[in-house]
Amino acid sequence: VNNELYAFGSAAGNVRIDPASGQVKKLELAGEAGKAALAGVGAAAVGPEGMLYIRTSKVVNAQRECIWNIRRFNRSGEPVPFKKAGEAIETNGRKNGTPWNEQATSFSVGPDGKLYVAGAYSKELRKGANCRMYLYDPEGGLLKPGFLSMTRSGGCVRVDAQGRVYAADTVRPKGSPFPDYYRSDPRGNLGRWYGMVFRFDPAGGGVVDY
């Protein structure tokens, strides 16, 4: 089991932390794949056998739209290519535009090695369920492009040992009030991002309809 902690872009750089001793070490990843993975980290996850998965941006045009490549590495920092996708799985970010709003939402790796990747923000449709979760098999093959549907603010995703999926989105039950302390924010940002965590069975589902 890999119980190490990872921090990216910290004051100490990209590091791995031993939770027992608190010892901090520089994260070393081998080869060109390792260099590319650490060039623009957007999200990371730990999967079976303690392998580290990193989602990294790659600018593809003058409008600075990106693709987000997911690479994986073993405990020794060596790249482990996907048998179907090769060195990396290409995925979509959540938005298009400038680097500071081109986002790679978090992703998760299930106990069986499947990857649950939120993103695929529709660049044409600006409302409704235009954030999708893509489901990939352990070797990078696409299993289901619309595994979950979310609003365009859909984000964090996690998977438990039973394969149940947890997804966060900025929606709430009709009539559900904001917590009182949210009203103290004069900019209204707290209320804007207030939402819920939804749980789905392994078959998937949706926060909103397509």
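Please go through region 148-168 and pick out each residue that is of a type in the set (A, V, I, L, M, F, W, C) and either in contact with a Phe, Trp or Tyr (Cβ under 9 Å, 6 or more places away or on another chain) or open to solvent by less than 60 Å² (accessible area, probe 1.4 Å) (or both).
Once the filter is applied, which keeps residues that are of a type in the set (A, V, I, L, M, F, W, C) and either in contact with a Phe, Trp or Tyr (Cβ under 9 Å, 6 or more places away or on another chain) or open to solvent by less than 60 Å² (accessible area, probe 1.4 Å) (or both), region 148-168 yields L148, M150, C156, V157, V159, V165, A167, A168.
Taking region 126-140, which residues are within 17 Å of the chain's Cα centre (by Cα), under 21 Å from R72 (Cα atoms) and part of a loop (DSSP other than H, G, I, E, B)? Lay out the reasoning, then the answer.
Let us first name the residues in region 126-140 that are within 17 Å of the chain's Cα centre (by Cα), namely 130-138, 140.
Add one more test, that the residue is under 21 Å from R72 (Cα atoms), and what stays is 133-138, 140.
Passing the criteria: D137, P138, G140.
For S106, only one of the following conditions fails: (1) modelled with pLDDT of 70 or more; (2) out of contact with any Cys (no Cβ under 7 Å at 6 or more places or on another chain); (3) under 21 Å from V41 (Cα atoms). What is its number?
Single failed check for S106: (2).
Could you tell me which residue of region 174-202 is modelled with the lowest pLDDT, considering only residues that are part of a loop (DSSP other than H, G, I, E, B) and open to solvent by less than 70 Å² (accessible area, probe 1.4 Å)?
Taking the candidates together, the pick is G188.
With the requirement that a residue be farther than 27 Å from D112 by Cβ and free of Cβ contacts under 8 Å to residues at least 24 places away in the same chain, what does region 19-33 give you?
The answer is A20, S21, G22, Q23, V24, K25, K26, E32.
Taking the criterion of being of a type outside the set (F, W, Y), at pLDDT 90 or above, more than 21 Å from L135 (Cβ to Cβ) and open to solvent by less than 60 Å² (accessible area, probe 1.4 Å), would at least one residue in region 83-98 satisfy it?
no
Can you give me the ranges of the strands (runs of 3 or more DSSP E) entirely in region 1-71 with at least 2 residues that are surrounded by 13 or more Cβ atoms within 10 Å (Cβ to Cβ) and touching a strand residue (DSSP E or B) at 6+ places or on another chain (Cβ under 9 Å)?
5-10, 13-17, 41-46, 52-59
The values are calculated or read from the model by the stated rules, or taken from the named source; none is laboratory data. Quantities reported herein were computed from a predicted structural model and do not represent experimental measurements. Positions of Cβ are backbone-derived with ideal geometry, glycine not excepted, and every protein chain shown enters the neighbour counts. Please note that ligands, DNA and RNA were not included when accessible areas were found on the heavy atoms of the full protein model with its side chains. Shrake-Rupley method; radii C 1.70, N 1.55, O 1.52, S 1.80 Å.
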